[in-house]
Each structure stands twice: as structure tokens, then as C-alpha cells.
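For reference, the structure is listed below as C-alpha cells.
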Amino acid sequence: MPRHASLPAAAGLLAMLATAAPAAPPRSPPAPQIDCAKIAAMPHSGMSLETCQQMLAAKQAYDASAADPAAQRPGDAQMSCEQIAAEMRAQPWQAPDQAKVAEGQAAAQGFQGKMKEQQAEVAAVAARDNAELAAARVADLKVQVATAGIVQGQVTKRVVQAQEAEHKVIGERMAAEREPYEKRLTGSVGNVIGDATQQLNANPRLARLMELSREKKCRF
């Protein structure tokens, strides 16, 4: 059953639809076309083709609704954040599907957990690398001292090269490990946005109010 618009819910949707990809100002060059097939085909892409197309369609629908002449009212430009908030509260709004919201929360927790795990690994590798470099510099210094500077030690150079090669391997592995978590997260966001977009299409005035709140940097 439709309810009045929830400002936190509307603000969250606004952050996903508007703040992340704000509409171009008048007379600006057209934004480059987004090729979802290329995005999905990128190595370790965290977004599926379906999710990309879903989000792109949502953004286009939001922009169209916000710019719909039927959604505009005289005095819109002079509205305060308080006035925008009051009118947004009066708009009909269907609460998000709780199953999809729960999936989004679980996906976010899973992604955050994987990121925390990888950050801990990176910190451990960095500590080990620093110790190796310190030992290598000592070894090189001993060579320089023993040869009165005639011979330059090469241990540090070899250690750095080995570490850089290892870092590349670790980075590739971590990206592959994150991929399913990222796809789950972006997919869950896309599902929530898709449902909300239908409501914005049915009520362009709400999209217009959300866009006004973005332009005025309102905080709800």
C-alpha cells in the first residue's frame, strides 16, 4: 500500500541516482554513451551486463522524470530545503521490498568483510616488505663499505623487483576474489533502484523534488 515518501529512503535513492551521476548542465556537451557490454567484459568487472543496463535505464528514467515539464511548478527555483522536504513527505511512496533491502544489506556486509580481510593482508605484506628492504639496504651498505664505494650493492634492486612482481600477482588475485562480492552488491543495488524507478516514472514530481534537493545540496 502506498505511503507518503520517506525522506531517508528518498535521500538514499537520490544518492544512487543523482549524486553518483549528476545531470549535465544546460548547453554542456552530451555525456559519452555508456557501453554496458564493455563494462561487463572488463577484467574482474564488479558489475554484470544486466545490472549495468538496469542502472543506466534507471538514471535515464530519473533524468527524464526530473525534467518532465508536467513535474515542474512555478517557484520551484525559489523553494527552500524545508519546503522541498515538506512536499516530498506528501508524495505517495511504496516502501522498498524488504527482501531486496535485506539482500542489499547482506551483500554490503559481505563486501565490507572481504575488503577488511584484504586490507589486513595488504598491511601484513607491507610490513614484511619493509623488513626485507631494510635488510637489503644493510647488505648493500656493507658491500659499499667493504669496497670503499667502488662496488654498489644490488640486493635492494633485486628485492624491489621481486616485490613489484609479487604485488602484481596479489593484486590480480584480490581483484578476482572481490569480483563475486562486488557483483552481488551492485546487483542488489540495481534491483532496489529498478523498483524505485517505476515509482518515479509514475510520479515525475517526486523526481523533480529530488533533483531540486540535489541542486540545493539539501540534507535530510
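The values are calculated or read from the model by the stated rules, or taken from the named source; none is laboratory data. Keep in mind the model is a prediction, meaning the values are calculated, not measured. Ideal geometry is used to build each Cβ from the backbone, glycine not excepted, and the neighbour counts take in all protein chains shown.
So, in region 47-84, exactly how many residues are among the small types (Gly, Ala, Ser) and more than 17 Å from Thr197 (Cβ to Cβ)?
Looking only at region 47-84, we keep the residues that are among the small types (Gly, Ala, Ser), and these are 48, 57-58, 61, 64-67, 70-71, 75, 77, 80.
Filter again for more than 17 Å from Thr197 (Cβ to Cβ), leaving 48, 70, 75, 77, 80.
Total satisfying the criteria: 5.
Within region 145-153, does at least one residue satisfy the condition of being over 30 Å from Arg178 (Cβ atoms), in a loop (DSSP other than H, G, I, E, B) and touching an Asp or Glu at 6+ places or on another chain (Cβ under 8 Å)?
First, the residues of region 145-153 that are over 30 Å from Arg178 (Cβ atoms): 145-153.
With in a loop (DSSP other than H, G, I, E, B) added as a condition, the list becomes 147-153.
Still in the list and also touching an Asp or Glu at 6+ places or on another chain (Cβ under 8 Å): 152-153.
Yes, some residue in region 145-153 is over 30 Å from Arg178 (Cβ atoms), in a loop (DSSP other than H, G, I, E, B) and touching an Asp or Glu at 6+ places or on another chain (Cβ under 8 Å).
Collect the residues in region 94-112 that are of a type in the set (A, V, I, L, M) and surrounded by 15 or more Cβ atoms within 10 Å (Cβ to Cβ), keeping them in residue-number order.
In the first step, residues of region 94-112 are kept if they are of a type in the set (A, V, I, L, M); the result is 95, 99, 101-102, 106-108.
The answer is Val101, Ala107, Ala108.
Do we find that Lys59 is without any contact (Cβ under 8 Å) to a residue 12 or more places away in the chain and not small (Gly, Ala, Ser) in this structure? Before you say what the answer is, go through the steps one by one.
On the way: without any contact (Cβ under 8 Å) to a residue 12 or more places away in the chain: no; not small (Gly, Ala, Ser): yes.
No; evaluated as a whole, the condition is false for this residue.
Looking at Ala9, Ala71, Ala61 in this structure, which one is under 20 Å from Asn201 (Cβ atoms), surrounded by 13 or more Cβ atoms within 10 Å (Cβ to Cβ), in contact with a helix residue (DSSP H, G or I) (Cβ under 7 Å, 6 or more places away or on another chain) and at pLDDT below 90? Before you say what the answer is, go through the steps one by one.
Numbers: Ala9 fails: in contact with a helix residue (DSSP H, G or I) (Cβ under 7 Å, 6 or more places away or on another chain); Ala71 fails: at pLDDT below 90.
None of the others qualify; the one that does is Ala61.
Among the residues of region 197-219, is there at least one that is within 17 Å of Leu56 (Cβ to Cβ), over 18 Å from the mean Cα position of the chain (by Cα) and at pLDDT 90 or above? Lay out the reasoning, then the answer.
Taking region 197-219 first, the residues within 17 Å of Leu56 (Cβ to Cβ) are 197-198, 200-201, 207.
Applying the additional criterion that residues be over 18 Å from the mean Cα position of the chain (by Cα) yields 197-198, 200-201, 207.
Then drop every residue that is not at pLDDT 90 or above, which leaves 207.
Yes, region 197-219 has at least one match.
Among the residues of region 34-76, write down those that are in a loop (DSSP other than H, G, I, E, B) and of a type outside the set (S, T, N, Q). Don't jump to the end; show me each part of the working.
Taking region 34-76 as the starting set, the residues that turn out to be in a loop (DSSP other than H, G, I, E, B) are 34-35, 42-48, 68, 72-75.
Selection gives Ile34, Asp35, Met42, Pro43, His44, Gly46, Met47, Asp68, Arg73, Pro74, Gly75.
Within region 165-186, is even one residue within 30 Å of Glu215 (Cβ to Cβ) and either touching a Phe, Trp or Tyr at 6+ places or on another chain (Cβ under 9 Å) or loosely packed, with under 12 Cβ neighbours inside 10 Å (or both)?
Within region 165-186, the subset within 30 Å of Glu215 (Cβ to Cβ) is 185-186.
If we keep only those that are either touching a Phe, Trp or Tyr at 6+ places or on another chain (Cβ under 9 Å) or loosely packed, with under 12 Cβ neighbours inside 10 Å (or both) as well, we get 185.
Yes; the residues of region 165-186 include at least one that is within 30 Å of Glu215 (Cβ to Cβ) and either touching a Phe, Trp or Tyr at 6+ places or on another chain (Cβ under 9 Å) or loosely packed, with under 12 Cβ neighbours inside 10 Å (or both).
Mind listing whichever residues of region 51-104 are in contact with a Ser or Thr (Cβ under 6 Å, 6 or more places away or on another chain) and among the small types (Gly, Ala, Ser)?
Ala58, Ala61, Gly104
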